[in-house]
């Protein structure tokens with residue numbers, strides 16, 4: 001297989017011996033899943049666990065994990081910080097349930113990896129949400145207060161005396177910690193899920209791209225080498241879905257998330273932090289996020305750099321970051337005990353940002369047998385398991401909390417058409433950058449920049465673009 005720019009994916013492929021199986025003939029299945037990332041693989045596994053007799057095929061245009069599932073930062077975060085948005089959109093009861101569900105799946109993923117012997121370098125050591133300047137301080141307070149009122153709060157204040165050692169950086173002024181979070185080598189998790197799906201009897205066809213779709217009953221999916229006839233279909237292709245179905249194109253905007261990874265520096269991390277296995281996320285709109293790895297490296301990511309015109313994602317994967325100098329500056333600022341020459345890898349990937357900052361699921365064009373899900377908005381490594389629960393329940397026609405929840409009713413808003421979307425995104429992005437530079441230097445941002453920055457995310461002060 002050709003080398004990928006993502007260190008995670010290269011590392012995962014080196015450590016496995018799975019042979020690629022390509023579709024070479026016509027097949028008929030109960031369920032066809034288009035997309036071999038987290039959502040598609042979790043959906044296949046959950047369906048097989050519920051109804052082992054189902055015949056299921058996963059079609060992946062490249063290799064499993066070669067999209068966002070193998071290119072993200074590997075932070076297992078929850079929806080707790082999005083509670084204000086969840087409450088505003090879905091009401092108190094469902095907001096509480098979604099927060100609790102998003103925290104529960106962290107443990108579920110850990111237990112699953114242990115049960116099926118997936119070595120995904122997974123930690124469940126929690127996360128720190130921090131402030132790096134006066135303007136960011138207090139950001140989490142109203143969210144925590146609301147969670148406490150609902151008796152679902154997992155956050156606690158971090159003692160100032162231990163803040164710097166726990167987060168690994170002296171730039172942090174305050175932090176809240178939650179145990180309900182973790183980190184994972186995402187590509188290893190994706191490849192592990194692929195192996196388990198195969199063991200359960202799912203057919204995995206890599207390098208098998210969908211070329212045509214007939215929305216008949218059963219549906220007919222044409223590939224370059226065979227026809228798939230399927231009673232039910234799940235589209236789990238993340239941002240790639242909008243290339244197939246233009247009616248969804250305005251439901252998301254594709255935003256880059258760019259990452260750098262150091263060579264092994266375990267001795268320095270042992271002295272300076274962060275705590276092993278935790279994730280750290282700051283309170284910017286376009287966040288910095290970082291964590292260590294099991295082999296003693298440090299990964300730093302930054303969201304919100306590149307916005308794709310027309311949501312074209314070709315070139316956003318399998319590419320080195322265009323923003324290396326910005327990441328190097330952030331790296332030197334956050335970790336003065338390291339040198340930017342310690343950086344060994346960089347890459348970029350695309351995040352499917354929805355209007356609400358939350359994913360959405362539905363039936364495609366109202367068809368009772370074709371389903372889709374996307375819009376994780378940079379916070380989906382753990383949440384894809386929730387998405388798979390929704391999709392599996394919809395496929396099986398179940399009437400439960402997953403099929404009835406607000407996430408299962410399609411997009412809850414649309415972005416403007418091009419070129420207005422891209423032009424608007426550039427105006428807002430640049431305003432956010434100016435505001436955050438001013439905040440960092442203790443200056444008062446221009447009023448227009450403060451106003452435009454509010455357009456970068458939905459309600460809820462702790463919502464992020466990552």
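Values in this text are rule-based calculations from the coordinates and carry no lab data. Owing to the predicted nature of the structure, the values given are computational and were not obtained by experimental measurement. Heads up, the Cβs are rebuilt from the backbone with ideal geometry, glycines too, and the neighbour counts pull from every protein chain shown.
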Over all alpha-carbon pairs of the chain, lay out the pair-distance distribution in 20 Å bins, whole %, shortest bin first.
-> 26, 60, 14, 0
For segment 291-449, what mean projected area does the convex hull of the alpha carbons give, in nm²?
-> 13.0
Pseudo-spin-label distance residue 339 to residue 137, built 7 Å along Cα→Cβ, given in nm, is 3.5
Along each principal axis, Cα extent of segment 269-339, largest first, Å = 45, 24, 21
Where does the chain land at 222 nm, in deg cm²/dmol rounded to the nearest 500, when only DSSP H runs of n ≥ 4 count, each adding -39500 (n - 2.57), divided by all residues?
-> -9500 deg cm²/dmol
Base-10 log of normalised Debye intensity for segment 173-315 (one unit scatterer per alpha-carbon) at q = 0.11, 0.16, 0.17 Å⁻¹ = -0.68, -1.10, -1.15
Net length gained if the chain between residue 367 and residue 244 were fully extended (0.36 nm per residue, minus Cα distance) | 42.7 nm
Additional length obtainable on full extension of the chain from residue 15 to residue 150, 0.36 nm per residue less Cα span = 44.2 nm
Label zone at residue 231 (point 7 Å along Cα-to-Cβ), backbone N below 19 Å, segment 45-73 = 45-59
Alpha carbon convex hull of segment 42-102, volume per residue in cubic angstrom | 138
Along the Cα-to-C-beta direction of residue 93, a point sits 7 Å from the Cα; which residues of segment 389-425 have their amide N less than 14 Å from that point?
-> 400-402, 404-406
Inter-centroid distance (Cα atoms) of segment 328-343 relative to segment 164-239, Å = 32
With label points built 7 Å along Cα→Cβ from the Cα atoms of residue 396 and residue 328, find their separation and express it in nm.
-> 5.2
Normalising by the residue count of the chain, find the relative contact order in percent from Cα pairs under 8 Å and 6+ residues apart.
-> 22
State the extension gain, in nm to one decimal, for the chain segment bounded by residue 440 and residue 426, taking 0.36 nm per residue of separation less the distance between their alpha-carbons.
-> 2.9 nm
So, in Å, what gap is there between the alpha-carbon centers of segment 352-404 and segment 1-54?
-> 19
With label points built 7 Å along Cα→Cβ from the Cα atoms of residue 271 and residue 216, find their separation and express it in nm.
-> 7.0
Give me the Kirkwood hydrodynamic radius of segment 114-212 in Å, from all C-alpha pairs, to one decimal place?
-> 16.9
Report, for the chain, the % of DSSP beta bridges that are antiparallel, rounded to 5.
-> 70
